[in-house]
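Q: What follows is a structure written as structure tokens; I'll ask about it next.
The values are calculated or read from the model by the stated rules, or taken from the named source; none is laboratory data. Treat the numbers as computed from the prediction; the structure is a model and nothing was measured. Counting neighbours? That spans all protein chains shown, and the Cβs are built from the backbone with ideal geometry, glycine included. Heavy atoms of the whole protein, side chains included, go into the accessibility calculation; ligands, DNA and RNA do not. Shrake-Rupley method; radii C 1.70, N 1.55, O 1.52, S 1.80 Å.
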Amino acid sequence: MSEGSKRVIVTVIGEDRIGIIAAVSRILADAEVNIVDISQTIMQEFFVMIMMADMKRASLPFEELKRHLNAKGEELGLRIDAQHEDVFRFMHRV
Amino acid sequence: MRNLRFAPEEIIETIKMVQTEQLDIRTITMGISLRDCCHPQLAAVAAKVYEKICRVASRLVAVGEEIEREYGIPIVNKRISVTPIALVAESADSDDYVLVAQALDRAAREVGVNFIGGFSALVQKGMTRGDAALIESIPAALAGTERVCASVNVASTKAGINMDAVARMGRVVVDAAQRSRDRDGLACAKLVIFCNAVEDNPFMAGAFHGIGEPECVINVGVSGPGVVLRAVEREGTGLDLGDLASVIKRTAFKITRMGELVGRAASARLGAPFGIVDLSLAPTPAQGDSVARIIEAMGIERIGTHGSTAALAMLNDAVKKGGAMASSHVGGLSGAFIPVSEDIGMIEAAAAGTLTFDKLEAMTCVCSVGLDMIAVPGDTSAETIAAIIADEAAIGMVNRKTTAVRVIPAPGKGVGDWVEFGGLLGRAPVMPIHTESAAAFVRRGGRIPAPLQALNN
């Protein structure tokens, strides 16, 4: 993970179903990643869940966490991904 | 939602740009100085060049991939540019620099980059022994290597046009095509002839590490014609051109911010200073990643028809304005690229006959770079290629901008035939060019004097 902020944005996009938040939260909790905030909405017929998480005390490297999330996404038929928050900060905040 | 800091719409917009609109970082290019690789024996120069590149760039690809995963933004290419080899190899007694090209090729393969630029010479005012040796080595160097790119700067606004070098480059292009005739003249796709070449361009084939550059530097080339196209389609309906320019500016800003982010991260992790972001719209043959389609979405039925130059001028300027705000250091070529074989819309317009060679030349007056990836008949003479180079150099010289020529005289092929390069280099129909001769003009040789910098009409 890069210097400075250790925050990542986890996004879940796909069809709504029971247990999505639970599944993602479990992966983050197991990795000792703290969830700072959650937002969910329906956008263009898709369920979109966005979590901001803090990896300050994470027990896993970022890439491994991302692999776990991607795999869970495949299992649930959703797109689950994590990106460093700087991507969004740079694009949308001056 | 106070802690989230971003609206869901913003997050989705970014993800969509990458997922469906082909937003990518086109290249992280590491510039490496080879000025300390001089030696009286050419074999020793080649060995030093190979060793230095492998040492300095050993982590380039790994770091690029790490950033790619962390930020979720594809970084399509990792590349290297080096000091113009004419300056480095001139110290040696041999005049055949193919050995150095082979060392560059091996080093590129070793560190895992797909192109290495800088088999170059700067001869806008005249040639040294090393410059001449490099130029003569280009055809064999390009035909005999896979990843090496060559460029020669033959003109500048301050120096004028070196027509002796232009004539020589006409012969070099024809020779390079012949030596790669089994691959449709592929060697010519790796050769750029410049006027006003820039020293920090991260894009191939024209990248080299200029003599005013530091020991090692990270330059980033961003792309995103697809993102601009979607923005024009989505938000542009009913807008007048001033408002449309604003839509393009805002989009270019967002694209360039990604380049700035990646450049800063790569620079910090590789321990090399961050040079510039080149905010060019660089098309690929992929559907939806086309500059021509943006022009067409602006209201031009097919690129190449009347109005194309005006639309391109506006696009190019809006991209620069948006991008300049987004990065602390903008450089390189920065603008819209219009290569024919690499852009699906350009390929179609050329095949339909709407896009002609002369219109392409006109369009290069208002956009970045020049006559790019254009296939011309295989029997085109060296003098005609030289005349094409001279025309394009004149446009750059007078307009104080970079222009370039990357044409491919397709061996054994004529108008209506196609060349196929595959991958990012794409495919193109062989375009008709004028058949009347300019040989007597080219053979005069000498230099076209530098133009006046006042009385600008």
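Q: Rank these residues by their accessible area, most exposed first, probe 1.4 Å: B:Met325, B:Met127, A:Met52. Mind showing how you got there, number by number?
A: Values: B:Met325 150, B:Met127 65, A:Met52 0 Å².
Result of the area sort, largest leading: B:Met325, B:Met127, A:Met52.
Q: Rolling a 1.4 angstrom probe over the protein chains, ignoring ligands and nucleic acids, what is the accessible area of B:Leu241 in square angstrom, nearest 10?
A: Here the accessible area works out near 100 Å².
Q: Enter the accessible area of B:Ser33 (Å², nearest 10), with the probe set to 1.4 Å and all protein chains included.
A: Roughly 10 Å² of B:Ser33 is accessible to a 1.4 Å probe.
Q: Once the convex hull of the alpha carbons of segment B:246-314 is built, what does its volume come to per residue, in cubic angstrom?
A: Here the figure is 112 Å³ per residue.
Q: Using modelled amide H (1.01 Å from N, peptide plane; none on Pro or chain starts), what sits under 5 Å from the amide H of B:Ser81, excluding residues fewer than 5 places away?
A: Here B:Met30, B:Gly31, B:Ile32, B:Gly117 satisfy the definition.
Q: Using a probe radius of 1.4 Å on heavy atoms only, what accessible surface per residue do you get for segment B:26-195? Whole Å² is fine.
A: Accessible area per residue: 32 Å².
Q: Can you give the calculated 222 nm mean residue ellipticity of chain A, where each DSSP H run of n ≥ 4 adds -39,500 (n - 2.57) and the sum is split over every residue, rounded to the nearest 500 deg cm²/dmol? Let's see the in-between values first.
A: Numbers: 3 runs with 33 residues, N = 94.
That calculation yields -10500 deg cm²/dmol at 222 nm.
Q: Would you list, by chain and number, the lysines whose Cα falls below 22 Å from the Cα of B:Lys52, excluding same-chain residues fewer than 8 positions away?
A: B:Lys78
Q: Another question about this same structure. Taking Rh as the Kirkwood radius computed over C-alpha pairs, what is the Stokes-Einstein D of segment B:26-195 at 20 °C in a medium of viscosity 1.002 mPa s, expressed in µm² per second? Intermediate values should be presented prior to the final figure.
A: Working: Rh = 16.4 Å.
So the translational diffusion coefficient is about 131 µm²/s.
Q: Can you give the charge dipole size of segment B:59-120 about its Cα centre, rounded to the nearest 20 debye, using +1 on the beta carbon of Lys and Arg and -1 on the beta carbon of Asp and Glu? Mind showing how you got there, number by number?
A: Details: 6 positive and 10 negative charges, 57 e Å.
It comes to approximately 280 debye.
Q: Amide H to amide H, which residues 5 or more places from B:Asp372 or on other chains are under 5 Å from it, using H placed in the peptide plane?
A: Result for B:Asp372 returns B:Val340, B:Arg406.
Q: Follow-up question, since we're still on this one. Treat every Asp and Glu Cβ in segment B:1-113 as -1 and every Lys and Arg Cβ as +1, leave all other atoms uncharged, and give the resulting dipole magnitude about the Cα centre to the nearest 20 debye.
A: On the way: 14 positive and 17 negative charges, 66 e Å.
The calculation lands at about 320 debye.
Q: Residue by residue through segment B:418-431, what is 3J(HN,Hα) from phi via Karplus (6.51 cos²θ - 1.76 cosθ + 1.60, θ = phi - 60°)? Round to whole Hz and write x for glycine and proline.
A: Each residue of segment B:418-431 in turn: 10, 10, 10, 9, x, x, 5, 6, x, 9, 7, x, 5, 8 Hz.
Q: At 222 nm, what value in deg cm²/dmol follows for chain B if DSSP H runs of at least 4 each add -39500 (n - 2.57) and the sum is divided by all its residues, to the nearest 500? List each step's numbers first, then the result.
A: Working: 15 runs with 196 residues, N = 457.
Roughly -13500 deg cm²/dmol at 222 nm, from the helical runs in chain B.
Q: Now a separate question. In debye to the nearest 20, how big a dipole does the protein assembly as shown give about its Cα centre with +1 on each Lys and Arg Cβ and -1 on each Asp and Glu Cβ?
A: Values: 57 positive and 66 negative charges, 195 e Å.
About 940 debye.
Q: I would also like to ask the following. Applying the Karplus parametrisation 6.51 cos²θ - 1.76 cosθ + 1.60 with θ = phi - 60° to the phi angles of segment B:326-331, what ³J(HN,Hα) value in whole Hz is obtained for each residue in order, glycine and proline being reported as x?
A: Karplus values, whole Hz, x for Gly and Pro: 8, 10, 6, 9, 9, x.
Q: Express in whole angstrom the spacing between the alpha-carbon centres of segment B:68-144 and segment B:354-382.
A: Comparing the Cα centres of segment B:68-144 and segment B:354-382, I get a distance of 25 Å.
Q: For the protein assembly as shown, what is the largest minus smallest coordinate of the Cα atoms on each principal axis, given in angstrom and ordered from greatest to least?
A: 78, 57, 47 Å, listed from the longest principal axis down.
Q: While we're looking at this one, here's another question. Can you give me the Cα centroid spacing of segment A:62-89 and segment A:13-36 in angstrom?
A: Computed from Cα coordinates, the inter-centre distance equals 10 Å.
Q: Right, another one. Using heavy-atom solvent-accessible surface (probe 1.4 Å) with all chains present, what is the largest-first order of B:Asp343, B:Asp36, B:Asp200?
A: B:Asp36, B:Asp200, B:Asp343
Q: So the label point goes 7 Å from the Cα of B:Gln41 along Cα→C-beta, right? Which residues of segment B:94-127 then have their backbone N under 20 Å from it?
A: B:94-104
Q: While we're here: Stretch B:Ser328-B:Gln102 to full length: gain in nm at 0.36 nm per residue minus the Cα-Cα span? Intermediate values should be presented prior to the final figure.
A: Working: separation 226, 0.36 × 226 = 81.36 nm, distance 3.65 nm.
The B:Ser328-B:Gln102 span can extend by a further 77.7 nm.
Q: Suppose the Debye formula is applied to equal point scatterers at every Cα of segment B:222-443; what is log10 I(q)/I(0) at q = 0.12, 0.13 Å⁻¹?
A: Calculated log10 I(q)/I(0) at the listed q: -0.66, -0.76.
Q: Related question: In whole Å and largest first, what semi-axes does the C-alpha gyration tensor of chain A yield when each eigenvalue is scaled by 5 and square-rooted?
A: On the way: eigenvalues 86, 58, 23 Å².
They are 21, 17, 11 Å, listed from largest to smallest.
Q: Additional query: Kirkwood hydrodynamic radius (Cα pairs, Å) of chain B? Before the final figure, lay out each step's value.
A: Details: mean 1/r = 0.0454 Å⁻¹.
One decimal place: 22.0 Å for the Kirkwood radius.
Q: For segment B:169-183, take each phi angle, set θ = phi - 60°, evaluate the Karplus expression 6.51 cos²θ - 1.76 cosθ + 1.60, and give the result in whole Hz per residue in order, putting x for glycine and proline.
A: Each residue of segment B:169-183 in turn: 5, x, 5, 5, 4, 4, 5, 4, 4, 4, 6, 10, 5, 6, 10 Hz.
Q: Please compute the alpha carbon radius of gyration of segment B:1-117, then divide it by the globular-protein estimate 2.2 N^0.38 Å. Two decimals is fine.
A: Details: Rg = 19.8 Å, N = 117, 2.2 N^0.38 = 13.4 Å.
Dividing the Cα Rg of segment B:1-117 by 2.2 N^0.38 Å gives 1.47.
Q: Return the whole-Å distance between the Cα centroid of segment B:169-216 and the Cα centroid of segment B:1-62.
A: Spelled out, the Cα-based centre of one part sits 20 Å from the other.
Q: On alpha carbon coordinates alone, what is the Rg over Rh value for segment B:291-405, Rh being the Kirkwood radius?
A: 0.98
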